[in-house]
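First the structure, in the form of structure tokens, and then the observations on it.
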């Protein structure tokens, strides 16, 4: 669900909310569930497992306030983004935790094409990873010690979130 609403002439809100119930409801009898069977044994069904990489809830809320100053149009903006926890793969063993990230910024757009902005990204220094991938380890070490691409040797790669950052941006459109 998406929403845009102009509360006042110079204040706008944007919001989004998503819900997904991604559970494996059916699978062929004696089918191979890949990683699930590698971990729990051949012939077992992955029915009932939560599908990989689908958080149950996601959402965002953004507020922007525009106003005039003697040197140009100015704005202040706050953003909140939420991603619920989810599993990295079908075994449901590696869980990426939920995360809430907040960003703020304020700036001015001058009539000469110059814009100046102050910002803080990841205001609360959220440290939950942004994602992860369960992948087969096809490194030289695995190939040399198993003499093949051994897709049963796996690892989880975590995508780290940027730490809190603050600064200024200067832009010139010409």
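The values are calculated or read from the model by the stated rules, or taken from the named source; none is laboratory data. Quantities reported herein were computed from a predicted structural model and do not represent experimental measurements. Here Cβ is always computed from backbone atoms with ideal geometry, including for glycine, and neighbour counts include all displayed protein chains.
So, residue 75, is that one within 24 Å of residue 128 (Cα to Cα), touching a strand residue (DSSP E or B) at 6+ places or on another chain (Cβ under 9 Å) and surrounded by 12 or more Cβ atoms within 10 Å (Cβ to Cβ) or not? Answer is no for this residue.
Across region 124-142, the qualifying residues are those that are more than 25 Å from residue 36 (Cβ to Cβ) and modelled with pLDDT under 75, and the one among them that is surrounded by the fewest Cβ atoms within 10 Å (Cβ to Cβ) is 140.
When restricted to residues that are closer than 12 Å to residue 161 by Cβ and not in a strand (DSSP E or B), region 100-130 contains 8. Restricting region 95-108 to residues that are surrounded by fewer than 16 Cβ atoms within 10 Å (Cβ to Cβ) and under 30 Å from residue 46 (Cβ atoms) leaves a set whose member that is modelled with the lowest pLDDT is 95.
Per-residue answers, yes or no, for (1) more than 23 Å from residue 14 (Cβ to Cβ); (2) in a strand (DSSP E or B); (3) modelled with pLDDT of 95 or more; (4) within 20 Å of the chain's Cα centre (by Cα):
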{"residue": "46", "(1), (2), (3), (4)": "yes, no, no, no"}
{"residue": "52", "(1), (2), (3), (4)": "yes, no, no, yes"}
{"residue": "59", "(1), (2), (3), (4)": "no, yes, yes, yes"}
{"residue": "65", "(1), (2), (3), (4)": "no, yes, yes, no"}
{"residue": "74", "(1), (2), (3), (4)": "no, yes, yes, no"}
{"residue": "78", "(1), (2), (3), (4)": "no, yes, yes, yes"}
{"residue": "81", "(1), (2), (3), (4)": "no, yes, yes, yes"}
{"residue": "90", "(1), (2), (3), (4)": "yes, no, no, yes"}
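Of all residues in region 11-30, those that are part of a loop (DSSP other than H, G, I, E, B), surrounded by 13 or more Cβ atoms within 10 Å (Cβ to Cβ) and either at pLDDT 95 or above or more than 26 Å from the chain's Cα centre (by Cα) (or both) total 2.
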